[in-house]
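Trainee: This structure is in structure tokens; I'll ask about it shortly.
The values are calculated or read from the model by the stated rules, or taken from the named source; none is laboratory data. Given the structure is predicted, the values throughout are model-derived calculations rather than measurements. Cβ sites come from the backbone with ideal geometry, for glycine too, and all protein chains shown count toward neighbours.
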Amino acid sequence: MKDTYLGITSFVAVLLYMVNVFVSAHFLAILYSSLAVVLLLFAWRRMKSGNKIVVTLLLLVGSVLFLFYRPPLREILFSFGENLNLIALFVLIPLFGTFMSEAGYLQDLQRTLLQRERGKKSHPYRLGFLLTASMGWLLNLGSMPLVYKIGAESFSSFENKKLGMTILRGFGFCMLWSPYFVNVGLILILYDLTWSQVGGYGIAISLIYILVVLCFFPVTRFKEEEVITNQVAADSMSDSTSSSLHKFVLYIVLLLLFSFVFEAILPVNMLTVVSILAVVYPLVWSLCIRQFRSYIQEASEYVRTSFPRIYNEIGIFITAGFFGEALSRSKAGDWLSHMIWTMSQGMIPLFILFLIGSVILLALLGIHPVIIILGIGSSLTPEAFGVSSAFMGVLLLCAWTLATQVTPFSGSVLMASHLMNEKPFQVMKYNAPFILVLLIIFTGVLTVMNTFM
């Protein structure tokens, strides 16, 4: 029962934040910030010891900074609600997937794969990557087990660990550009950017990322690999799926179109746009296909049961907002900028290597990337290094992507280890050469991009 109330509370908090974006009211800010404090307290109680220690330290350091600089109490309270726009992505974006499942689109996609397996040569890893890349940009981390389930029940034969690694790398592709990912949203907020200012560069880098993935396909091998063979594709098939798949494609295309159009015409950023669409778009679509009542039931169930799945992210992001606001009042940014500038000797390639390497190293120590990126973004001003805000945003996107692909503490690596039946540290070991190659390539690409940004 308590989890039900907490799930509803998180939903109400982000909705109040969104209303406040359009109708700014002091009492709304007080209300959603107070709800954020409540959510943080309950999330902290459920966290594992590692995250609990990090969150506690950040709260203590932030409190000391606030006591030293003595801002008004209301500003301290508002800092707890600072990142509710990012939490909105965790709370609301899964509603897209809830509708897709309720409408039967995912089941029809699986039937199409079964039909393809029956008539053509199997390409499980290529299809696994394409499925993750095409669904992950919207469904986020939930796409990984979903794609694995679809593939495991559809592909006639595949190597289990190789498929899991392929899905992990497909997820990384989405992190470089998708406006529905929290890392992209955070970068846009930190540097006051629109998606159009960084999205094109992110897509360009993600295409290079695909080429590296393709090069690693032949050399991706595992000890004690498990080969899974299915007989389902040969005899279980339905041929009446094309109409539903056309609706599915239309659903995705219109969603992307509305996202970019609304960002261009509305006086709000992409985070607010996608959060609004997450609430409204499935509702309208369910009305059009006459599944409104069943969708409402599934969406209500999702909201009531959401807190146990996202409490970790809620706690970390609320704490990061509090800490980031406190840190922004200090002179840590000047000190950190001077240190990085001195170590890189003013050379952009060294600056890129040092920054990405630092993010990866801290992530390997178990610090959540949002805390790292928020700390760096709140402290470093692009002008101090002679680069644009857009370049700094793209650089941090690359750093976040590489860090979450290799640290054994990230959600994506933990999910991949579960799918692969491997320990997280083994997944890190297997993916490390891939990340090292990307680090070198990204450094060169970003150095060239800097001249155009």
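Trainee: If you take the residues of the range 180-200 that are of a type outside the set (A, V, I, L, M) and surrounded by fewer than 24 Cβ atoms within 10 Å (Cβ to Cβ), which of them is nearest to A320 (Cα to Cα)? Outline the logic, then answer.
Mentor: Initially, the range 180-200 is screened for residues of a type outside the set (A, V, I, L, M), giving 180-181, 183, 185, 191-192, 194-197, 199-200.
Still in the running and surrounded by fewer than 24 Cβ atoms within 10 Å (Cβ to Cβ): 183, 191-192, 194, 196-197, 199-200.
Details: N183: 13, Y191: 16, D192: 18, T194: 22, S196: 26, Q197: 25, G199: 24, G200: 28 Å.
Among those residues, the one meeting the criterion is N183.
Trainee: Considering (1) modelled with pLDDT of 90 or more; (2) surrounded by fewer than 15 Cβ atoms within 10 Å (Cβ to Cβ); (3) more than 29 Å from F409 (Cα to Cα); (4) not polar (S, T, N, Q), say which one H338 fails and leave the rest.
Mentor: Result: H338 passes all but (1).
Trainee: Within the set of pairs 6 or more residues apart or between chains, which connect a residue that is closer than 13 Å to Y125 by Cα inside the range 200-224 to a residue that is assigned to a helix (DSSP H, G or I) and of a type outside the set (A, V, I, L, M, F, W, C) with Cβ atoms less than 6 Å apart?
Mentor: Note: pairs meeting the criteria are V213/R169; T220/K162.
Trainee: Would you check which residues across the range 8-48 are surrounded by 15 or more Cβ atoms within 10 Å (Cβ to Cβ) and among the aromatic types (F, W, Y) and list them?
Mentor: Within the range 8-48, F11, Y17, Y32, F42, W44 qualify.
Trainee: Another question, if that's okay. Go through (1) surrounded by fewer than 20 Cβ atoms within 10 Å (Cβ to Cβ); (2) at negative phi; (3) modelled with pLDDT under 90 for N51 and report which single condition fails.
Mentor: (1)
Trainee: Test S379 against the stated conditions and say whether it is modelled with pLDDT under 85, closer than 30 Å to A43 by Cα and more than 17 Å from the chain's Cα centre (by Cα).
Mentor: Values: modelled with pLDDT under 85: yes; closer than 30 Å to A43 by Cα: yes; more than 17 Å from the chain's Cα centre (by Cα): yes.
The answer is yes for S379.
Trainee: Filter the range 270-285 down to the residues that are in contact with a Leu (Cβ under 8 Å, 6 or more places away or on another chain) and surrounded by fewer than 20 Cβ atoms within 10 Å (Cβ to Cβ) and list them by number.
Mentor: Within the range 270-285, V279, Y281 meet the criteria.
Trainee: Here is a check on your reading of the model: is P308 within 20 Å of the chain's Cα centre (by Cα), farther than 22 Å from P179 by Cα, surrounded by fewer than 22 Cβ atoms within 10 Å (Cβ to Cβ) and not acidic (D, E)? Break it down stepwise before answering.
Mentor: On the way: within 20 Å of the chain's Cα centre (by Cα): yes; farther than 22 Å from P179 by Cα: yes; surrounded by fewer than 22 Cβ atoms within 10 Å (Cβ to Cβ): yes; not acidic (D, E): yes.
When the stated conditions are applied, P308 passes them.
Trainee: Which numbered condition in (1) among the small types (G, A, S); (2) more than 16 Å from the chain's Cα centre (by Cα); (3) under 24 Å from K423 (Cα atoms); (4) surrounded by fewer than 21 Cβ atoms within 10 Å (Cβ to Cβ) is the only one that G142 fails?
Mentor: In the conditions (1) among the small types (G, A, S); (2) more than 16 Å from the chain's Cα centre (by Cα); (3) under 24 Å from K423 (Cα atoms); (4) surrounded by fewer than 21 Cβ atoms within 10 Å (Cβ to Cβ), G142 misses (2) alone.
Trainee: Oh, and also: May I ask you to list the residues in the range 402-429 that are out of contact with any Pro (no Cβ under 9 Å at 6 or more places or on another chain) and buried (at least 20 other Cβ atoms within 10 Å of the Cβ)?
Mentor: Listed by number, the residues that qualify are L402, Q405, V406, S412, M420, E422.
Trainee: I'm checking my understanding of the structure. Among residues of the range 376-401 that are among the aliphatic types (A, V, I, L, M) and closer than 29 Å to N312 by Cα, which one is surrounded by the most Cβ atoms within 10 Å (Cβ to Cβ)? Give the steps one after another, and end with the answer.
Mentor: Taking the range 376-401 and keeping what is among the aliphatic types (A, V, I, L, M), we get 376, 380, 384, 387, 390, 392, 394-397, 399.
From the residues that got through so far, the ones that are closer than 29 Å to N312 by Cα too are 376, 380, 392, 394-397, 399.
Working: I376: 21, L380: 22, M392: 25, V394: 30, L395: 28, L396: 26, L397: 24, A399: 25.
The qualifying residue surrounded by the most Cβ atoms within 10 Å (Cβ to Cβ) is V394.
Trainee: Can I ask one more? Mind counting the residues in the range 309-363 that are part of a helix (DSSP H, G or I) and either in contact with a Pro (Cβ under 8 Å, 6 or more places away or on another chain) or within 28 Å of L40 (Cβ to Cβ) (or both)?
Mentor: So the count comes out to 28.
Trainee: Filter the range 286-305 down to residues that are assigned to a loop (DSSP other than H, G, I, E, B), of a type outside the set (D, E, K, R) and exposed (fewer than 14 other Cβ atoms within 10 Å of the Cβ), then give me how many there are.
Mentor: We begin by selecting, within the range 286-305, every residue assigned to a loop (DSSP other than H, G, I, E, B); these are 289-291, 305.
Restricting the remaining residues to those that are of a type outside the set (D, E, K, R) gives 289, 291, 305.
This time we only want the ones that are exposed (fewer than 14 other Cβ atoms within 10 Å of the Cβ), so: 305.
Total meeting the criteria: 1.
Trainee: Yes or no: V212 surrounded by 24 or more Cβ atoms within 10 Å (Cβ to Cβ) and of a type in the set (V, I, T)? Walk me through it before giving the result.
Mentor: On the way: surrounded by 24 or more Cβ atoms within 10 Å (Cβ to Cβ): no; of a type in the set (V, I, T): yes.
It is false that V212 is surrounded by 24 or more Cβ atoms within 10 Å (Cβ to Cβ) and of a type in the set (V, I, T).
Trainee: Out of curiosity, is L60 of a type outside the set (S, T, Y) and in contact (Cβ under 8 Å) with a residue 40 or more places away in the chain? Give the derivation first.
Mentor: On the way: of a type outside the set (S, T, Y): yes; in contact (Cβ under 8 Å) with a residue 40 or more places away in the chain: no.
Here the answer is no, as L60 does not meet what is asked.
Trainee: Still on this structure: Could you tell me how many of the residues in the range 364-395 are in a helix (DSSP H, G or I) and within 30 Å of F90 (Cβ to Cβ)? Even if it seems obvious, please write down each step before you answer.
Mentor: As a first pass, look at the range 364-395 and keep what is in a helix (DSSP H, G or I): 364, 369-379, 382-385, 389-395.
Then keep just the ones that are within 30 Å of F90 (Cβ to Cβ); that gives 364, 369-379, 382, 389-395.
Counting residues in the range 364-395 that are in a helix (DSSP H, G or I) and within 30 Å of F90 (Cβ to Cβ) gives 20.
Trainee: Okay, moving on. When you check E159 against the structure, is it out of contact with any Leu (no Cβ under 6 Å at 6 or more places or on another chain), over 26 Å from F317 (Cα atoms) and without any contact (Cβ under 8 Å) to a residue 40 or more places away in the chain, yes or no?
Mentor: No.
Trainee: Okay, next question. Working only within the range 392-434, note down all residues that are of a type in the set (G, A, S) and within 23 Å of G200 (Cα to Cα).
Mentor: Narrowing the range 392-434 to residues of a type in the set (G, A, S): 393, 399, 403, 410-412, 416-417, 432.
Those that are of a type in the set (G, A, S) and within 23 Å of G200 (Cα to Cα): G393, A399, A403.
Trainee: Considering each of M339, M392 in turn, give the residue that is without any contact (Cβ under 8 Å) to a residue 24 or more places away in the chain and either over 29 Å from I167 (Cβ atoms) or in contact with a helix residue (DSSP H, G or I) (Cβ under 8 Å, 6 or more places away or on another chain) (or both).
Mentor: On the way: M392 fails: without any contact (Cβ under 8 Å) to a residue 24 or more places away in the chain.
Of M339, M392, the one residue that is without any contact (Cβ under 8 Å) to a residue 24 or more places away in the chain and either over 29 Å from I167 (Cβ atoms) or in contact with a helix residue (DSSP H, G or I) (Cβ under 8 Å, 6 or more places away or on another chain) (or both) is M339.
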